[in-house]
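Participant: Sending over a structure as structure tokens; questions will come in a sec.
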Amino acid sequence: MKEKLVQLDEFRWWLDKSARPRMNVGAKIIGSKKIINTLEDAAIEQLTNVATLPGAIEPVLAMPDAHWGYGLPMGAVGAFDAEDGIISAGCTGFDINCGVRLIRTNLRLEDVKPKLRQLVDELFNRVPAGVGSKGKIRLSEGQFSDVIRLGARWAIENDHGVKEDLTHCEEGGSMEGAATGSPQITEKARRRGRPQLGTLGAGNHYLEVQKVEKIFDESVAKVFGLEKDQIVVMLHCGSRGFGHQVATDYLERMAVAVKKYNIWLPDQQLVCAPATSSEGQDYYAAMKAAVNFAFCNRQVMTHWIRQGFEAVFAKDWESLDLNLVYDVTHNICKYETHEVNGSNRDIYVHRKGATRAFGPGHSKIPKDYQSVGQPVLIGGSMGTASYVLVGTEQAMKETFGSTCHGAGRAMSRKAAIRKYHGRDIKQALESKGKVVRSISTKILAEEAPNAYKDVHIVVDSVHGADISRKVASQIPLGVVKG
Amino acid sequence: MDFEYFDEITSDQLFRAYGSSLPEVFRNAARAMFGVMYDLEEIVLDHEIEVCAVGIDEKHLLYDWLSNLLLEFEVEGVFFADFSITTIEETPKEGFQLIGIAKGSQKMPELRTQVKGVTLHRFSLERVNNRYIATVVVDV
């Protein structure tokens, strides 16, 4: 399939809808030649699969961090007409509202360095991590309904943050219209989700204490409250077992729906339902509940991170300026309005391993960021650099206001485990002065930095294509993992 | 061979499980799934939980079985390592029903990763020459 790609410019590649039968629209890949050289053919084929779905809007997009996943590749965007198109649980994936938030501080490296181990230990002890981990918060059935209805607002109303946190979250930390019970939300999903609020999870999720290494755009960095050598905290996690179960439930339900509505699928993982159908709308309401759970999850942990800093630095978090820069989601389906062929259209944008990147002036971004655009938070692989980017007008015109989400895997998990040992990875990171705490050492092997693409090349591609621009990069000092 | 892992998919884990009967392939697929997360040999089997599943056909029954095991693993905090199928029945109205036992321990082993869910990507259950082959990709 790769041989059918046509290079449009240094960072853009086009796959015409004639590339294979049944494609309704063409596909575009954002990335340098180097990115294309390493992109699996199977990932390109997965883009063509999505292009066959009803109501697809041109183009189906792959970002430079794209790699072969299940259904839609990780690092991809699929948009569908809100009337004639579909909503797909398969395209969104299991980790609904997996996302990243960045918390700034007014601390510098010299403040943190002598206390780094104590700080990382404090955060590790306060934020429950690991497979199947259970949180410190015990929720009644009614409280759980409130969490999935209100999202981060629930946390604020229950003294786990301040109102200003909400304005610095995508969707204000809460999507309206979330379902809370039967038939949209199953008992299984509620049972799986209820004990897990306030947990980091495992796998690629992490909490990092980082130092701002480089500023690329002084004026935008200033608006986001970032400067060189500043200490910041990045939190990467999602909707945990609740979101995983919502996805599981709707994969089963939509597998029935595709037969009912006679939708042809090239890959059964792309199960979907017409956007206006009861199955489609039920999924959207259930997905919003999982989105809200994830926003609340990150907010609750933010509160504990602040408490951890307070304990170590013996000051309140307000004095330490532990304010939220932003919270973005990178696994979601959103009802949005975008200009398509010169007119506004209502569409469902599926971002799977892709980040919203709205440009300046958009009504959906916080007032204090209106002049520059939405912050885009890019988590690198464990122990490597992360980035803060800013959304652009070009993203609005070209990618349904979307950009990349991270480094993207370059090596399979089993291959990483064969090649690396967790203890060696930990030693290598600690020899560079970084402090690593994890529930399991083995988990570090699978997330070895070299198992991922080079985040710099990924970010250079989206910057080069101008679908988001570099503002700052950060390097980790301390890592907490499941 | 009970099951084997394949590297093909970069971000997720593909495995195939085998069995001479439906109960055997269901057991081996479950062992393969939990073997993605930790070494099964590390687990002392001192806990048992009954797990049920339903499906319109055998393939969907397998999907529901694996998904329900993940749910029980997280909710009950038991690290499963072996499984037995008590009954698999086909009913005229409701399709297939399964009752099984999942065995494991609440003592946490060293974890490699977390399985988030069972995908439908390449998901299949075939019968080839009296041997069942389950192909499964789990999201990790």
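Participant: On average over all directions, what projected area in square nanometres does region A:333-429 have, based on the convex hull of its Cα atoms?
Facilitator: Working: hull surface 33.3 nm².
Over every viewing direction, the Cα hull of region A:333-429 projects on average to 8.3 nm².
Participant: Dipole magnitude of region A:143-183 about its Cα centre, charges +1 at Lys/Arg Cβ and -1 at Asp/Glu Cβ only, in debye to the nearest 20?
Facilitator: 140
Participant: Shielding of A:196-205 by partners, i.e. mean partner chain Cβ atoms within 10 Å per residue?
Facilitator: Whole-number average of other-chain Cβ neighbours for A:196-205 is 3.
Participant: Of A:E164, A:E110, A:E3, how do they rank once you tally other Cβ atoms within 10 Å and put the fewest first?
Facilitator: Arranged by neighbour count, lowest to highest, A:E164, A:E110, A:E3 become A:E3, A:E110, A:E164.
Participant: Another question, then. With everything on Cα atoms, drop me the angle between helix A:41-50 and the longest principal axis of chain A, reported from 0 to 90° to the nearest 10.
Facilitator: 60
Participant: Let me ask another. Per residue of A:246-252, what is the mean number of Cβ atoms on other protein chains within 10 angstrom of that residue's Cβ?
Facilitator: Mean shielding by partner chains, rounded to a whole number: 5.
Participant: What's the magnitude of the charge dipole for region B:3-139 around its Cα centre, counting Lys and Arg as +1 and Asp and Glu as -1 at the beta-carbon? Answer in Debye, nearest 20. Let's see the in-between values first.
Facilitator: On the way: 12 positive and 24 negative charges, 60 e Å.
Magnitude of the dipole: close to 280 debye.
Participant: Compute the FRET efficiency between A:K364 and A:Q427 as 1/(1 + (r/R0)^6), taking r as their Cβ-Cβ distance and R0 = 45 Å, and round to the nearest 0.05.
Facilitator: 0.50
Participant: Using every alpha carbon pair in region A:265-346, what percent of pairs falls into each 5 Å bin from 0 up to the bin containing the largest distance?
Facilitator: Histogram of Cα-Cα distances, whole percents per bin: 3, 10, 13, 14, 14, 12, 10, 8, 7, 6, 3, 0.
Participant: Go ahead and run the numbers for FRET between A:R108 and B:Y5, Cβ-Cβ distance against an R0 of 30 Å, rounding to 0.05.
Facilitator: So the FRET efficiency works out to roughly 0.05.
Participant: Before anything else, pin down the relative contact order of chain A: Cα pairs under 8 Å, at least 6 apart, normalised by residue count, whole percent.
Facilitator: Reported relative contact order: 22 percent.
Participant: Something else about it: Two decimals, Cα atoms only, Kirkwood Rh: what is Rg/Rh over region B:81-140?
Facilitator: Over the Cα atoms of region B:81-140, Rg/Rh equals 1.04.
Participant: What does the C-alpha gyration tensor say about the overall shape of region A:57-133? Classify as rounded when a/c is under 1.5, otherwise prolate if a/b is larger than b/c, or oblate.
Facilitator: Since a/c reaches 1.5 and a/b is larger than b/c, the shape of region A:57-133 is classed as prolate.
Participant: Principal axes first, then extents: for the Cα atoms of the protein assembly as shown, list largest minus smallest coordinate on each axis, whole Å, largest first.
Facilitator: Taking max minus min along each principal axis of the Cα atoms, the protein assembly as shown gives 68, 57, 47 Å.
Participant: Compute the acute angle (0 to 90°) between the alpha-carbon long axis of helix A:240-260 and the principal axis of greatest extent of the alpha-carbon atoms of chain A; round to the nearest 10°.
Facilitator: 0
Participant: Now for a separate question. Counting Lys and Arg as +1 and Asp and Glu as -1, each charge on the Cβ, what is the dipole of region A:235-346 about the Cα centre in debye, to the nearest 20? If you can, show how the numbers build up before the last one.
Facilitator: Details: 10 positive and 13 negative charges, 58 e Å.
That gives region A:235-346 a dipole magnitude of about 280 debye.
Participant: Further question on the same structure: What percentages make up the Cα-Cα pair-distance distribution of region A:2-51 when the bins are 10 Å wide from 0?
Facilitator: 28, 59, 14
Participant: Dimensions of region B:3-139 along principal axes (Cα, Å, largest first)?
Facilitator: The Cα atoms of region B:3-139 stretch 42, 34, 23 Å along the principal axes, largest first.
Participant: How high is the FRET efficiency between A:R345 and A:H456 when r is their beta carbon distance and R₀ equals 25 Å, given to the nearest 0.05?
Facilitator: 0.10
Participant: Kindly state, as a whole number, the per residue volume in cubic angstrom of the convex hull around the alpha carbon atoms of region A:6-131.
Facilitator: 188
Participant: Of A:K481/B:K107; A:K34/A:K453; A:K134/A:K481; A:K33/A:K228; A:K115/A:K426, which sit over 21 Å apart, Cα to Cα?
Facilitator: Details: A:K481/B:K107 19 Å; A:K34/A:K453 11 Å; A:K134/A:K481 15 Å; A:K33/A:K228 31 Å; A:K115/A:K426 19 Å.
Result: A:K33/A:K228 exceed 21 Å.
Participant: Would you list which lysines come within 24 Å of B:K59, measuring only between C-alpha atoms, while excluding same-chain residues fewer than 8 positions from it?
Facilitator: List returned: A:K188, A:K259, A:K260, B:K93, B:K103, B:K116.
Participant: Taking only C-alpha pairs under 8 Å that are 6+ residues apart, what is the relative contact order of region B:3-139 in percent?
Facilitator: About 31 percent, as a whole number.
Participant: Something else now. From other protein chains only, count the Cβ atoms within 10 Å of every residue's Cβ in B:119-126, then give the mean.
Facilitator: 6
Participant: Output the Kirkwood hydrodynamic radius of region A:105-230, Cα pairs only, in Å rounded to one decimal.
Facilitator: Taking the inverse mean of 1/r over all distinct Cα pairs, region A:105-230 comes out at 17.5 Å.
Participant: Could you list, bin by bin from short to long, the percent of Cα-Cα pairs of region A:220-363 in 10 Å steps?
Facilitator: 9, 28, 29, 19, 11, 3, 0
Bear in mind that the values in this text are calculations on the coordinates, not laboratory data. Predicted, not measured: the structure shown is a model, and the values here were computed from it. Positions of Cβ are backbone-derived with ideal geometry, glycine not excepted, and every protein chain shown enters the neighbour counts.
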